[in-house]
Amino acid sequence: MTTLLRQLKPAFRIESVFTTSNGVNITWKDSHQSFYHNLWLLDSCRCSSCFQRDTLSLNQGHDLLKMPLNPTPQEVKINREGNLDIVWGGEQTGHHSVFDASWLRVHCQKDPALKQRKKPQLWDASVSIPYFDYDQVMTDDGVFLSYLNKLVELGVAVIENAPNNEPSFRALVERVGPLRQRYHPTNVFTMDRKNALAQTIQHSYQLGRLRNHTDVTAYDIPTGIQYLQCTLYDNPDNDRQAYSTVVDGFKLAEVIKQENPYFFELLTTEYIPAGRRRLCVEEKLADTDTSARKYEWDAYRRNHLINLDENGDVYQVRYNHNTRIPLEVDFDKIEDLLAAYRRFSQLLQDPQYVAEFLLTPGQVLVVNNWRVLHGRTGIWGNSLQRSLLGTYLEEETFRCRRRILLGDKTGMSNLWLMGCSDRALEILADRYLENSSN
């Protein structure tokens with residue numbers, strides 16, 4: 001019989017510790033060295049007096065007003081479990097803190113990788129979009145996490161073999177978390193060109209090509225993840241009508257940054273405002289609704305087309321030409337800003353960057369709406385029959401579910417998982433060596 005032995009990688013095992021006048025130095029088994037300030041350690045204590053296990057939050061015993069700014073340890077050692085064990089002296093005499101070694105390692109301030117997001121994989125038209133089986137995503141947490149990780153890495157995935165009904169579609173989305181609330185009678189919408197009212201108020205229902213875009217750019221916080229399931233595709237003409245298109249907005253941002261840094265600066269600092277005013281809905285009202293008035297929507301938002309985080313990395317792209325409204329820019333910059341905007345628009349149509357494929361019944365296209373722009377090739381006549389189910393998830397909902405799955409993979413207790421950064425959880429989820437032994 002073969003059993004799997006789980007041993008921590010050297011990076012998560014303490015080799016030795018020694019104290020300084022204001023902190024603790026740790027040498028790890030992989031030779032990395034970390035320093036932890038005494039005040040940081042005391043402030044981070046998770047003993048039962050300082051930290052409440054049930055609510056996973058600071059307890060009343062953690063009193064910052066009474067905490068000394070120069071705490072001194074009485075004893076510092078590595079305990080039997082390989083964790084850092086501190087008995088405090090001075091004003092904190094008798095206070096006992098134990099710190100999980102793996103948790104300490106991912107809080108090392110000398111490791112710059114911990115302060116950065118995992119780098120996304122940029123792609124162009126040659127991308128191999130990952131496909132996942134519906135049943136496996138629904139029943140296997142390992143496959144489920146792999147699918148969510150691919151959305152972080154690429155921003156796009158396809159779920160196949162999905163049942164062609166709304167309850168199953170909703171269940172797939174709710175496997176991650178609650179659907180995002182829409183200004184509509186339902187949070188799941190059906191895109192069908194037989195809906196005559198929808199054709200008058202929504203570009204996505206109309207004839208012609210649907211340009212690549214991100215959704216709801218006029219919201220303060222745009223939707224994070226978009227799901228679109230094909231439930232019907234019947235094309236007697238057998239041509240490339242209504243093929244799905246996706247573009248990596250992060251890739252286009254990088255292209256512009258390399259070819260014209262000034263354009264990149266304009267698109268990250270100047271505003272491209274968006275607006276949307278809609279006083280009716282294309283969907284049937286609920287039986288309890290007496291009118292569509294409560295769904296009226298008039299939104300306005302000043303956006304940067306390309307948004308950067310504190311490290312200068314792109315974290316969000318907002319682009320929808322159909323909802324762009326007059327620019328609010330100094331006239332001495334308007335020519336340059338529109339030239340930069342036009343260049344981004346040109347790249348959106350460049351075959352080098354546009355991945356095109358047919359979404360067939362039973363397939364669900366999932367895109368990160370903060371990164372991937374989506375659209376479709378043209379619809380030219382009434383012979384084509386096509387229907388989609390669609391809905392949204394909040395970015396935070398997606399992120400929380402992935403964090404929970406990563407935490408489960410670490411094997412650590414909630415006491416230490418709470419409050420770890422996304423990058424820390426990614427590292428902790430891979431903290432074990434896997435060796436086989438009879």
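Brief remarks follow.
- Taking residues in the range 264-278 that are over 13 Å from Tyr319 (Cβ atoms) and among the basic types (Lys, Arg), and partners anywhere that are crowded, with 22+ Cβ neighbours inside 10 Å and at pLDDT 95 or above, not one pair has Cβ atoms closer than 7 Å while being at least 6 places apart or on different chains.
- Residue count for the range 72-94 satisfying the condition of being over 26 Å from Arg13 (Cβ atoms) and of a type outside the set (S, T, N, Q): 4.
- Within the range 309-348, tally of residues that are touching a Lys or Arg at 6+ places or on another chain (Cβ under 8 Å), closer than 16 Å to Ile256 by Cα and among the polar types (S, T, N, Q): 1
- Test: Tyr315 is part of a strand (DSSP E or B) and either under 25 Å from the mean Cα position of the chain (by Cα) or small (Gly, Ala, Ser) (or both): yes
- Identity of the residue in the range 314-332, surrounded by fewer than 14 Cβ atoms within 10 Å (Cβ to Cβ) and in contact (Cβ under 8 Å) with a residue 24 or more places away in the chain, that ends up nearest to Leu388 (Cα to Cα): Asn322
- Here Ile306, Ile334, Ile325, Ile272 are screened, and the one residue that is within 25 Å of Val127 (Cβ to Cβ) and not acidic (Asp, Glu) is Ile306.
- Selection status of Gln258, of a type outside the set (Asp, Glu), free of Cβ contacts under 8 Å to residues at least 60 places away in the same chain and either in a loop (DSSP other than H, G, I, E, B) or assigned by TED's automatic domain parsing to the domain that holds Thr186 (or both): yes
- Filter result (within 14 Å of Leu365 (Cβ to Cβ) and of a type in the set (A, V, I, L, M, F, W, C)) within the range 138-176: Leu151, Leu154, Val156, Ala157, Val158, Ile159, Ala162, Phe169, Leu172, Val173
- Hey, Gly407 among the small types (Gly, Ala, Ser), in contact (Cβ under 8 Å) with a residue 12 or more places away in the chain, in contact with an Asp or Glu (Cβ under 7 Å, 6 or more places away or on another chain) and surrounded by fewer than 20 Cβ atoms within 10 Å (Cβ to Cβ) or not: no
- Boolean, Arg401 is outside the structural domain of Ile159 (by TED's automatic domain parsing) and either of a type in the set (S, T, N, Q) or closer than 18 Å to Ala171 by Cα (or both): yes
- Subset tally (residues that are buried (at least 16 other Cβ atoms within 10 Å of the Cβ) and small (Gly, Ala, Ser)) for the range 363-380: 1
- Of the strands (runs of 3 or more DSSP E) lying entirely inside the range 27-90, those carrying at least 1 residues that are small (Gly, Ala, Ser) and either in contact (Cβ under 8 Å) with a residue 60 or more places away in the chain or touching a Lys or Arg at 6+ places or on another chain (Cβ under 9 Å) (or both) are 33-37.
Residues are listed down the side, and each one gets a yes or a no for (1) within 25 Å of Gly411 (Cα to Cα); (2) in contact with a Cys (Cβ under 8 Å, 6 or more places away or on another chain); (3) surrounded by 15 or more Cβ atoms within 10 Å (Cβ to Cβ):
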residue: Lys9; (1), (2), (3): yes, no, yes
residue: Phe18; (1), (2), (3): no, no, no
residue: Asn25; (1), (2), (3): no, no, no
residue: Ser31; (1), (2), (3): yes, no, no
residue: Arg46; (1), (2), (3): yes, no, yes
residue: Asp54; (1), (2), (3): yes, no, no
residue: Gly61; (1), (2), (3): no, yes, no
residue: Pro71; (1), (2), (3): no, no, yes
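- The C-beta contact set for the range 344-356 (first residue surrounded by 14 or more Cβ atoms within 10 Å (Cβ to Cβ) and assigned to a loop (DSSP other than H, G, I, E, B), second residue among the small types (Gly, Ala, Ser) and at pLDDT 95 or above, distance under 8 angstrom, 6+ apart or interchain) comprises Tyr353/Ala125.
- Residues that are closer than 17 Å to Gln116 by Cα and loosely packed, with under 14 Cβ neighbours inside 10 Å within the range 410-421 comprise just one, Gly419.
The values are calculated or read from the model by the stated rules, or taken from the named source; none is laboratory data. Note that the structure is predicted; figures quoted are calculated from it, not measured. Reconstructed Cβ throughout: ideal geometry from the backbone, glycine too, with neighbour counts over all protein chains shown.
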